[in-house]
Amino acid sequence: MNDRSPMDAMMKGMMGRCPNCGVGSLFDGFLKVRDTCPHCGEALYHHRADDAPPYIVMSFVGIFVVAVMFYVEIAYEPALWIHAAIFLPLTIVLSLVLLRPTKGLMVGLQWAKRMHGFNPNGAGGDA
Ligand SMILES: [Zn+2]
């Protein structure tokens, strides 16, 4: 039944491409997923990425930034304003840079696993 490679679909999604053909653009805007692929016509509106991408990005960025911040504090003991000047922008930039690929990854995974409406037989999730 499952002829779709999750790794392949997630990589295509991370690159912002349709998980089916890898050519058409997945996004119509920064985070809005297209209803259908402009290249192959695959229906993409079935995705239910919801809160998963921001949750994953928040967890990863939080762990990474705090770890680096602790290292910098222990190694260099900079003033607090230097911490703020480095790590606040770093947190914002990393979150924005990682959010779109993470959403593409989630849509690709859902497509490959035929979750939600991606299953043409209607089984395997909510409509
Ligand atoms: Zn496509």
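Summary of values
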| quantity | calculated |
| --- | --- |
| Number of the exception - residue 86 against (1) surrounded by 14 or more Cβ atoms within 10 Å (Cβ to Cβ); (2) over 18 Å from residue 115 (Cβ atoms); (3) touching an Asp or Glu at 6+ places or on another chain (Cβ under 9 Å) | (3) |
| Residue that is modelled with pLDDT of 95 or more and open to solvent by 40 Å² or more (accessible area, probe 1.4 Å), where the choices are 54, 78 | 54 |
| Condition broken by residue 114, with the remaining ones in (1) at pLDDT below 95; (2) open to solvent by 50 Å² or more (accessible area, probe 1.4 Å); (3) not hydrophobic (A, V, I, L, M, F, W, C) satisfied | (2) |
| Within region 28-51, considering residues that are among the acidic types (Asp, Glu) and surrounded by fewer than 16 Cβ atoms within 10 Å (Cβ to Cβ), the one nearest to residue 117 (Cα to Cα) | 35 |
| Any hit, region 45-57, residues being away from the ligand (no atom under 16 Å from the Cβ), without any contact (Cβ under 8 Å) to a residue 40 or more places away in the chain and not acidic (Asp, Glu) | yes |
| Pairs with Cβ under 6 Å, 6+ apart, first in region 13-27 and open to solvent by 10 Å² or more (accessible area, probe 1.4 Å), second among the charged types (D, E, K, R) and within 8 Å of the ligand (Cβ to nearest atom) | 20/42 |
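The values are calculated or read from the model by the stated rules, or taken from the named source; none is laboratory data. Predicted, not measured: the structure shown is a model, and the values here were computed from it. Methodologically, a virtual Cβ is constructed for each residue, glycine included, from the backbone with ideal geometry; neighbour enumeration extends over all protein chains shown. All accessible areas refer to the heavy atoms of the entire protein, side chains included, with ligands and DNA or RNA removed. Shrake-Rupley method; radii C 1.70, N 1.55, O 1.52, S 1.80 Å.
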